[in-house]
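Q: Input: one structure, supplied below.
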């Protein structure tokens, strides 16, 4: 699995654009965040859902959409938390998109969406700012 593919967690989070991952890749820390290599690279499979999901824990599925109870209550709660905070990630929508167009096409869409038009850097899901040309990323 290549790096971009490995950075898409089972819950649908594209860790490549997560603040904790962006901080680690740039050797920075900020407030309460420590860096993060991503869920799959850390063998966490999905930091948000895995502890409460037997299928992810046993690695019976690669993405939440593959489960017959998709979207489960845990994924719905996570989705609601992100939507309430205005963060640019829909776990349910991302899973549906991966199912619809495949992982590689999803990654390309994400690159287009989260690439800074000014400098070509990475835009953070959490802040909406470019980590390369915005002050304080």
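Q: If we scan the range 22-36, do we find a residue that is surrounded by fewer than 13 Cβ atoms within 10 Å (Cβ to Cβ), within 14 Å of residue 125 (Cβ to Cβ) and modelled with pLDDT of 90 or more?
A: no
Q: Inspect all residues belonging to the range 75-91 and state whether any of them is out of contact with any helix residue (DSSP H, G or I) (no Cβ under 7 Å at 6 or more places or on another chain), within 13 Å of residue 10 (Cβ to Cβ), surrounded by 12 or more Cβ atoms within 10 Å (Cβ to Cβ) and modelled with pLDDT of 95 or more.
A: No.
Q: Moving to a separate point now. Among the residues of the range 57-75, how many are closer than 13 Å to residue 91 by Cβ and either touching a residue at least 60 places away in the same chain (Cβ under 8 Å) or within 17 Å of the chain's Cα centre (by Cα) (or both)?
A: Residues that pass the stated criteria total 6.
Q: What about residue 96, is it over 21 Å from residue 2 (Cα atoms) and surrounded by 14 or more Cβ atoms within 10 Å (Cβ to Cβ)?
A: Against the criterion (over 21 Å from residue 2 (Cα atoms) and surrounded by 14 or more Cβ atoms within 10 Å (Cβ to Cβ)), residue 96 qualifies.
Q: Of everything in the range 52-72, what is exposed (fewer than 13 other Cβ atoms within 10 Å of the Cβ) and under 11 Å from residue 10 (Cβ atoms)? Give them in sequence order.
A: Of everything in the range 52-72, those that are exposed (fewer than 13 other Cβ atoms within 10 Å of the Cβ) and under 11 Å from residue 10 (Cβ atoms) turn out to be 59, 60.
Q: With the structure loaded, tell me whether residue 42 is surrounded by fewer than 15 Cβ atoms within 10 Å (Cβ to Cβ) and under 14 Å from the mean Cα position of the chain (by Cα) or whether it fails that test.
A: Yes.
Q: Moving on to the next point. At pLDDT below 95 and part of a loop (DSSP other than H, G, I, E, B), is that true of residue 117?
A: For residue 117, the condition - at pLDDT below 95 and part of a loop (DSSP other than H, G, I, E, B) - is not met.
Q: Scan the range 53-73 residue by residue and report those that are more than 24 Å from residue 126 (Cα to Cα) and outside any loop (DSSP other than H, G, I, E, B).
A: 54, 55, 56, 57, 66
Q: Additional query: Any residue at all in the range 74-96 that is in a loop (DSSP other than H, G, I, E, B) and in contact with a strand residue (DSSP E or B) (Cβ under 6 Å, 6 or more places away or on another chain)?
A: Scanning the range 74-96, I find no residue that is in a loop (DSSP other than H, G, I, E, B) and in contact with a strand residue (DSSP E or B) (Cβ under 6 Å, 6 or more places away or on another chain), so the answer is no.
The values are calculated or read from the model by the stated rules, or taken from the named source; none is laboratory data. Given the structure is predicted, the values throughout are model-derived calculations rather than measurements. Please note: Cβ atoms are built from the backbone with ideal geometry, for glycine as well, and neighbour counts cover all protein chains shown.
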